[in-house]
Every structure is written in structure tokens, then in C-alpha cells.
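The block underneath contains the structure these notes are about, expressed in C-alpha cells.
No lab work stands behind these numbers, since they all come straight from the coordinates. Small disclaimer: the values here were computed from a predicted structure and weren't measured. So basically every Cβ, Gly included, is an ideal-geometry build from the backbone, and we count neighbours across all protein chains shown.
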There are 4 protein chains.
Amino acid sequence: MTVVRALQHDDFDAWLPLWKGYLEFYETELEDEITRHTFERLIDTSTDMFGALALNDDGEAVGMVNWLTHPGTWSRGQYVYLEDLFVSVNARGTGAGRALIEHVQTWAETAGATKVYWLTADSNKTAQQLYDRVATKTGFIHYQIDK
Amino acid sequence: MTVVRALQHDDFDAWLPLWKGYLEFYETELEDEITRHTFERLIDTSTDMFGALALNDDGEAVGMVNWLTHPGTWSRGQYVYLEDLFVSVNARGTGAGRALIEHVQTWAETAGATKVYWLTADSNKTAQQLYDRVATKTGFIHYQIDK
Amino acid sequence: MTVVRALQHDDFDAWLPLWKGYLEFYETELEDEITRHTFERLIDTSTDMFGALALNDDGEAVGMVNWLTHPGTWSRGQYVYLEDLFVSVNARGTGAGRALIEHVQTWAETAGATKVYWLTADSNKTAQQLYDRVATKTGFIHYQIDK
Amino acid sequence: MTVVRALQHDDFDAWLPLWKGYLEFYETELEDEITRHTFERLIDTSTDMFGALALNDDGEAVGMVNWLTHPGTWSRGQYVYLEDLFVSVNARGTGAGRALIEHVQTWAETAGATKVYWLTADSNKTAQQLYDRVATKTGFIHYQIDK
């Protein structure tokens, strides 16, 4: 049974392989300093950035989720943007992904947030099988101007 | 020629019809208190929420844009989320929409932001004619869990 | 017995006389729009600004406290700045002030904050009788450059 | 002549001795991870924490200042809290401290902030000789509850 809990100060070594697996999936590389900075922001309670780990029966970290909050013009409550989600290959199909999303959803309810949302590649049909069960595809698409 | 400038304290009366037109387009109604709160947040320099107006040759407000910043796990810089964009019916085709987006892009560059992004309805092909010229459709789609 | 609870959406009428009493104590006047904006920020869960009311046995609001959080360079946790505290004249000596401070302290612990602090006029010896019992006078003094 | 400029990504080695001198002055030690985290937050444009360095004629870093912004209940603008200020022993009396404060003040004006403030030990009369020239001692004193 998967347990999900908040990321902690001494989780860096357990979290790093999941973070790297996630970046690899998106064919992205980041400087080590950014990775360390992001980890610190995730555990720093003064930021609006948060993280959690999924642990398997043996207490091994098999999944991670990172989210952040921001205000919205239509609401007094905050929006929760689930930015990163990753489950290690061996743990797929064990419910870890769903448990991570539910962790964020519960967190959001406790924080009085108005909604939880995320973006995913239109081509990632595997992930969408899960997402279609726990959330609503809104029909909105994403545009971006890179610096 | 359209001029775009930052939203100011005494712009409420000029801004309100544009905001209402925008909400109507999305078939949304908001309490007056939320509308007022959002306006105040847009002009409050201590928030991460910002607004600008597009003015026509006669100095009339014909368009508005609202944006906010949030951190991202992949970056030391902030992301700019262009949340709301609206141009009044009479001013469409005059370049006001493009000028509003460019205003946000310039603001983002000055602020050292990493990227500007927004979401739009997949069905809104009219807007996408503009967006395809100024930005990149990333192929990401939007999922949401409402409270 | 005083009860302290989070400020809520429909508390504006109960909160306003306390806020005005507080401003009067500091011989300050604010535009109505700022007062309304501040109330909205206090109840908006997406801001870092928070409020609570102290209620007496009859359920009447007799005290208020506002606080905000900000990061600090020496810490991974947030600092809680207790910015405004007021107890109505009739309710002084009933423990309402202490209860309000304790509410903020408990909130801070739950939020993982590193410390709670506030500033007070050196000349306000009445308030300091309470503060000396619940907190530490650090020997730091306040300098300010007004715009 | 002292030049003050924003802290940059590759300033860590120049900034570190000043930061350590500052901590030593306050008889404080911090984990290396907190120091690194603080440096990253100072250069991360998505945070509300900022830093600058004072350079002497030889381009050597001889002083540092860190500040952050937070909202205030009496204002639509942000408050600037100048949290850390340090000038190396050899550079004292060269105007570096004053130049660092003026840098923050100029930054604050550009950002539309309402005020700049800081705290200092009542016993630190040397620093107060400078502060009394550039700012107002408000008569407010600091109380703190440590976790």
C-alpha cells in the first residue's frame, strides 16, 4: 500500500533519483544548483512551493509530486498548480500516481484552495488514462513565449 | 494607434466594462466584492498580480490584460501567467490584443521572467489566429479538479 | 471566556469598529478602499495576510489581530509578523489580548514558522506589561524611511 | 568611490565572506545549506528577497545588503524590510553602508514601495550614527516569540 507524506529536509537522496527520472522523461537537463534550489524551496515553509513523496511497503520512495499555489483573478482562494508528477517505472500500476494526486487534492482542501490543476502533453495518453478518472479535461490548451 | 499602460488607481470605471465583457464571454458571474478585490490586487504593488489597459486614439480603454507571476521548479526566474485578455468588440482587428500581449512580454523581460504563458479554449479559433503568430502552441492540455 | 477564531467573509461589520478603534489609537486615517482591500486580503486564502477575531461570552467581537508571513535570510521557515492587535476598551483586562496573541502563536506553530514578532511603541507601557509576559523584548529598535 | 549593484549568479564566492562576517557579528552560525538557500533566493527573481553588493575602486566586494518585501495592512504598496547590512572592517567609513541603504531606497521607489525599514540593536550606537542621518528612529521596539 502506497503512503504519501510531505517532503522533508533529509529526503534529498531519496528524492533526487525521482526528480532526475522526471527530467529525463521530459528530455530536460538542469544545473545542479537549480535542482538543489528547487529542493530547498519545496521544503522551505515560507515559499508557496510544496513537495511530497510516495513510499512503497518497504518505505522506499517510488514517486514524487511538486505543487505550488498562486492567486487567481476570479477567486478569493488560491489555485493549486500541480507542476511535477513522477512515479518510478517499477511502481507504475500500483496506485502511487493516484495517491500523489489525492495527497495534493487533500492538501488543497485543507488550505482552502479553489481548484487543483495541471498540464500534460496531449500525446501522453498513458497519463491521461489516470487523469480522466480523477479530474476534468477542460478543453483549454497551452501557449508559451520563451524568453 | 493603440497605447498600453499599467492599470492605475482611478481606472476602475474604465476597466469595469472590459472586465464584465470578459466575464460575459466566459459566461461567468462574480460577486461585486470579488471584482473589487481583484481590481485592488491588480493595482496593489505588493501583490504578484498586475493589470494594463489598451487605449485607442481617443484615450478610451478598449482592452485589458491581467497577469500574475509564480515560481517554477525548473527555474530561478518567475513564470508569467497571462490570465485574462479582452478587447472590446469595436476595437477588434486594431492590434489592441497583440499590443496587450506585447506589453506583458516586455514587462516579463524587464522583470527577468523565464517565460510568459496562457491557456485558451481549444475551440476559440479566432483568438488562436493571433496566438499562433506571437507564441508557441506547446501541445500541453489542461486538467482541473474543482473543489 | 474569550474565544478566538479566524476572520470570515461575513465578519466585515463586526470587524470594522475594531479596525477603526485601532486606527484611532494610532491617530491614523485610511481611505475606505484601503480598509476594504485589507479586509479582503485578510480573508483571501491566497494571500500571506491573516486575521482573527476575539469573541466574548455573548459572541460579540471584542478584539482583532492581523498578521502576515514573510521569509527570512536566516531560516527555511517563515517569520510571522503580528502587525495589528486591538481589544475594545470594555474588554480590556479580560484576557482577550493574550488570547489573540496565543492564537497567532498556535497558527505559527502549525504553519511551521520559525518565530512570531511584533513592534510596539516604546512609550506604550500598558501593552508591554502583557508583552513582557508572553514574549521577549529583544533590544532591537526600528528605523524607517518614508517614501 | 563605492558602486552598488544587484547580486548576481556568479557572486557567491565574493558574497560569502561578507555574509559570514555578518553572521559572526551577530554571533550566529547557520548550516551551509541555509546559506546556499539564502543566496539562491536572493538571486531568484521569483522570490520577494533581494541582494546587492558594494564594490570598491578595485571592484572588490566590500559590503552587502539583503532586503525583502511584504504587504502591509495600511497600504496598497509593499513595505521593504532591509534585513541584513554588512560592510567589511577595512571599508568602514568609506560611505559603503550609506550607498547600500541608498541602493535599497532607490529600488523601493522604483518598485512603488511605501516605506523602507529595518531593525538594529539598541546597543549598536556606531550603526545608529549612520541610521540617524538617513532615516527616522520611530520609537518602536521589537518583541519576539521563538518557536
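Comment: the Cα-to-Cβ extended label point of residue C:16, at 7 Å, lies 1.8, 5.8, 5.8 nm from its counterparts in the other copies, nearest first.
Please identify, among A:85, A:119, A:53, the residue showing maximal mean-square fluctuation in a Gaussian network model of chain A using a 10 angstrom Cα cutoff. So, out of A:85, A:119, A:53, the one fluctuating most is A:119. The spacing between segment D:88-141 and segment A:57-82, judged by their C-alpha centroids, is 39 Å. Here is the list for segment D:1-101: GluC sites (Glu not before Pro) lying in DSSP coil, each with at most 15 other C-beta atoms within 10 angstrom of its C-beta, are D:27, D:29, D:31, D:60. A Förster radius of 35 Å combined with the Cβ-Cβ distance from residue D:133 to residue C:31 puts the calculated FRET efficiency at roughly 0.60.
Each Lys and Arg adds +1 at its Cβ and each Asp and Glu adds -1 at its Cβ; summed about the Cα centre, segment A:1-104 shows a dipole of about 560 debye. Per residue of peptide D:81-94, the mean number of Cβ atoms on other chains within 10 Å of the residue Cβ is 1. If R0 is taken as 41 Å, the Cβ-Cβ distance between residue A:8 and residue C:9 corresponds to a FRET efficiency of 0.75. Each label point was placed 7 Å from the Cα along the Cα-to-Cβ direction; for residue A:89 and residue C:106 their separation is 5.1 nm. If only the Cβ of Lys and Arg carry +1 and only the Cβ of Asp and Glu carry -1, the dipole of the protein assembly as shown around its Cα centre is close to 0 debye.
Here B:11, A:146 are placed in order of increasing Cβ neighbour count within 10 Å, fewest first, which gives A:146, B:11.
Among DSSP beta bridges whose residues both lie in segment A:1-116, state the antiparallel percentage, nearest 5. Restricted to segment A:1-116, the bridges split so that about 90 percent are antiparallel. From helices alone, chain B scores -11000 deg cm²/dmol at 222 nm; the rule is -39500 (n - 2.57) for each run of n ≥ 4 DSSP H residues, then divide by the residue total. Computed on the Cα trace of segment D:1-116, the radius of gyration divided by the Kirkwood hydrodynamic radius gives Rg/Rh = 0.97.
Here residue B:59 yields copy-to-copy label distances, from shortest upward, of 5.0, 5.3, 7.2 nm, the label point defined as 7 Å from Cα along Cα to C-beta. The residues packed around residue A:95, meaning those with a beta-carbon under 14 Å from its beta-carbon, carry a net charge of +1 if Lys and Arg are +1 and Asp and Glu are -1. Size descriptors for segment B:63-132 (Cα atoms only): Rg and Dmax, in that order, 13.0, 41 Å.
For segment D:46-124, the set of chymotrypsin sites (Phe, Trp or Tyr not before Pro) satisfying both a DSSP loop assignment and a count of at most 10 other C-beta atoms within 10 Å is empty. Within the listed set C:35, C:114, C:45, the Gaussian network model of chain C (springs between alpha-carbon atoms below 10 Å) gives the highest mean-square fluctuation for C:45. Neighbouring Cβ atoms from other chains, within 10 Å of the Cβ of residues in D:29-41, number 5 on average. Electrostatic tally near residue B:142: other residues with Cβ closer than 12 Å to its Cβ, Lys and Arg +1, Asp and Glu -1, net 0. Within the protein assembly as shown, DSSP assigns beta bridges of which about 90% are antiparallel (rounded to the nearest 5).
Across segment D:1-126, the mean sequence separation of Cα contacts (distance under 8 Å, 6 or more residues apart), normalised by length, yields a relative contact order of 25 percent. Each copy carries a label point for residue C:136 at 7 Å from Cα toward Cβ; from one copy, the others' points are 3.1, 5.2, 5.2 nm away, ordered from shortest.
Taking other Cβ atoms within 10 Å as a rough exposure proxy, C:34, D:145 sort from fewest to most as C:34, D:145. Across peptide D:59-71, the mean count of Cβ atoms from other chains lying within 10 Å of each residue's own Cβ comes to 3.
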